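The values are calculated or read from the model by the stated rules, or taken from the named source; none is laboratory data. Note that the coordinates shown come from a computational prediction; the quantities given were computed from them, not determined experimentally. Note that each Cβ is placed from the backbone with ideal geometry, even for glycine, and that neighbours are counted across all protein chains shown.
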Amino acid sequence: AWLGSLPLILWYFHLVTPISLFANLIVVPIAFFILAIALLSILTAPLLPWLSIVFNNANWSLARLVLALVHWFAQLSAGHYYVEHPHWPEKARAKIAVLDTGAGAAVHVRTQGADWLFDCGSERDYERVLRPYLHATGVNRIHGLLLSHGDSLHIGGAELLLEDFLPQVLIDNSAADRSVVHRRLHQIFGSRHIKPINLNSGARFDLSPEVTAKILFPPREFAAATADDETLVVQLLISPAVRILLMSDSGYETENALRASGIDLHSEILIKGQHHSGKSSSDAFLDAVRPRLIIATSRDFPEYERVTDEWAASVRARGIKLFRQDETGAVELHFGDREWKARAYITGEIFRSSSR
């Protein structure tokens, strides 16, 4: 039965459960006894109701035992794992999925078998968007998780993700904030003996031999009035020379600090959220970054989370391709040896690095 249903399970649930072969050796005989005792209960009920009650109580105990065994087998390491849909192998140095999590963020980077997450959305978006997506892409464990700043829409799903995917590396923002979610996560780190890595501007780390990440902001011991102004700004370098700038919810203050630092901000792709002031990606900042493509979150409410028509028009006037996620949904990026391409999930539109 397991082998017969395996193709359907793979197709619809992306799931392989080898442990079920062993579980059935124990659970199926117990299930047989449950059916047999249920039949005895029916037969004895008219003449010996007290005996029927005994049979029913025995069945209740056996049913509880089955549930406990199934739960135990499900928790066993390597008892089940998720797989991708079958597809032709693609030659890609890296793949990036910018998921549509409303005003939050969840960016998945896959490179040479390593899976990294930059933010993980709110708890609701994690359960409805990120976790199903990771299962569908065959992710069973996260190699690294970076938490950009203390915004529940960006890090609210971290508690559940730590349980489900056990990231090997956890990078946290050490800047002080007033986030209740962030404080709760710090308590969880302590109770589970998790030691997050705190990085500041100038730090670098490798996602794979092909992909390197550099922290551009904030500097050490930096403090700001709001979490948006102290978010981790990350620049990814994909070999040989493609750069992606992840700005999260940064605003003018962060942009001005980055320009004043003298750091080379030029990046082919800019991935950004919206600052709580509604002001980000100024003309001067775009002059410094010179992106070919901008992927921006956008929501109608609250108003500051929406990409304004004026800003969108000014971006397009510069010859920059804009994917606003209230129109495109998630955006998939594929990086090959010679070119990269971006595909919008909802519209299906494809933008290539070779496009003019």
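Which of the residues that make up the range 334-356 are within 14 Å of Ile269 (Cα to Cα) and either of a type in the set (Ser, Thr, Tyr) or assigned to a loop (DSSP other than H, G, I, E, B) (or both)?
Glu339, Ser353, Ser354, Ser355
For the range 119-151, enumerate the residues that are more than 21 Å from Tyr82 (Cβ to Cβ) and part of a strand (DSSP E or B).
Within the range 119-151, just Leu146 meets the criteria.
Quick test of your reading of the structure: Ala260 fulfils all but one of (1) small (Gly, Ala, Ser); (2) surrounded by fewer than 18 Cβ atoms within 10 Å (Cβ to Cβ); (3) at pLDDT 95 or above; (4) closer than 30 Å to Arg338 by Cα. Name the failing condition by number.
All conditions are met except number (4).
Within the bounds of the range 82-97, is there any residue that is out of contact with any Lys or Arg (no Cβ under 8 Å at 6 or more places or on another chain), part of a strand (DSSP E or B), crowded, with 16+ Cβ neighbours inside 10 Å and among the aromatic types (Phe, Trp, Tyr)?
The answer is yes; a qualifying residue exists.
For the list (1) in contact with an Asp or Glu (Cβ under 7 Å, 6 or more places away or on another chain); (2) among the acidic types (Asp, Glu); (3) within 23 Å of His334 (Cα to Cα), I need the number of the one condition that Asp151 fails.
The number of the failed condition is (3).
Provide a single number: the residues in the range 279-293 that are in a loop (DSSP other than H, G, I, E, B) and touching a residue at least 40 places away in the same chain (Cβ under 8 Å).
2
Can you say whether Ala225 is aliphatic (A, V, I, L, M), within 28 Å of Lys341 (Cβ to Cβ), over 23 Å from the mean Cα position of the chain (by Cα) and modelled with pLDDT under 95, as far as the supplied structure shows?
no
Is there a residue in the range 232-255 that is at pLDDT below 95, over 18 Å from Ala94 (Cβ atoms) and in a loop (DSSP other than H, G, I, E, B)?
Checking the range 232-255: not a single residue is at pLDDT below 95, over 18 Å from Ala94 (Cβ atoms) and in a loop (DSSP other than H, G, I, E, B).
Could you list all residues from the range 117-141 that are in contact with a Pro (Cβ under 8 Å, 6 or more places away or on another chain) and crowded, with 23+ Cβ neighbours inside 10 Å?
Leu117
Any residue that is small (Gly, Ala, Ser), modelled with pLDDT under 95, touching a helix residue (DSSP H, G or I) at 6+ places or on another chain (Cβ under 9 Å) and at positive phi - is there at least one of those in the range 278-295?
Within the range 278-295, one or more residues are small (Gly, Ala, Ser), modelled with pLDDT under 95, touching a helix residue (DSSP H, G or I) at 6+ places or on another chain (Cβ under 9 Å) and at positive phi.
Right, Gln112: under 19 Å from the mean Cα position of the chain (by Cα), loosely packed, with under 15 Cβ neighbours inside 10 Å and over 24 Å from Ile346 (Cβ atoms) or not?
Details: under 19 Å from the mean Cα position of the chain (by Cα): yes; loosely packed, with under 15 Cβ neighbours inside 10 Å: yes; over 24 Å from Ile346 (Cβ atoms): yes.
For Gln112, the condition - under 19 Å from the mean Cα position of the chain (by Cα), loosely packed, with under 15 Cβ neighbours inside 10 Å and over 24 Å from Ile346 (Cβ atoms) - is met.
Contact list please: Cβ distance under 7 Å, first residue in the range 189-209 and more than 11 Å from Val169 (Cα to Cα) and free of Cβ contacts under 8 Å to residues at least 40 places away in the same chain, second residue of a type in the set (S, T, N, Q) and part of a strand (DSSP E or B), pairs at least six apart or on different chains.
Arg204/Thr212; Asp206/Thr212
In the range 322-339, what residues are modelled with pLDDT of 95 or more, under 29 Å from Pro89 (Cβ atoms) and surrounded by fewer than 18 Cβ atoms within 10 Å (Cβ to Cβ)?
Selection gives Gly329, Glu332.
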